[in-house]
Amino acid sequence: MNIPHPPAPGDSPAEEAAHWCMRLHEEDCSEDERQAFQRWLAASPEHAREFAAMQEIWQLAAHLPPTTAARPAAPAPAPRRRGCLRRMGLAAGLAALVLLPAGYGGWRMGWIPDTYIQGLIHNLAHPLSAHVHH
């Protein structure tokens, strides 16, 4: 059996707690490792909290039904990208709700010249023509 490496110094307390939880449940966990765990546990109250949470997860996992066949790993969806696109769409919609009436009001009040509005409408109708120099 491969003995996993001890937690790295840059690991989060949650990652360290996961390592210790897994390691302490292995049959080949040495007495030196158990003492190292006790030192880690005593080093910070956060370590104790994280380890208690990891123990709870371990105990809950024991109640899951065993799997009989290996399932192919499905590609994980990209939630960050979907969330990012959703936020960008929301921001664009909010900008349109605010800027369009403000622009119309500014034009009606005479604050924005007609030539600017006409150029803007032309660029919106023909987006590529704005970048072509005649």
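Overview of values
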{"item": "Rounded to whole Å, sorted largest first: equivalent-ellipsoid semi-axes of segment 13-61, Cα gyration tensor", "result": "16, 15, 7"}
{"item": "Label-to-label distance, nm, for residues given as Leu97 and Ala43 (7 Å Cα→Cβ offset)", "result": "5.0 nm"}
{"item": "Rough spin-label spacing in nm, given labels placed 7 Å along Cα→Cβ, for Met88 and Met22", "result": "3.5 nm"}
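Computed from the coordinates by the stated procedures, all read-outs in this text should not be read as laboratory data. As the structure is a computational prediction, the values presented were derived from the model and not from experiment. Glycine also receives a Cβ, built like all others from the backbone with ideal geometry; neighbour counts cover every protein chain displayed.
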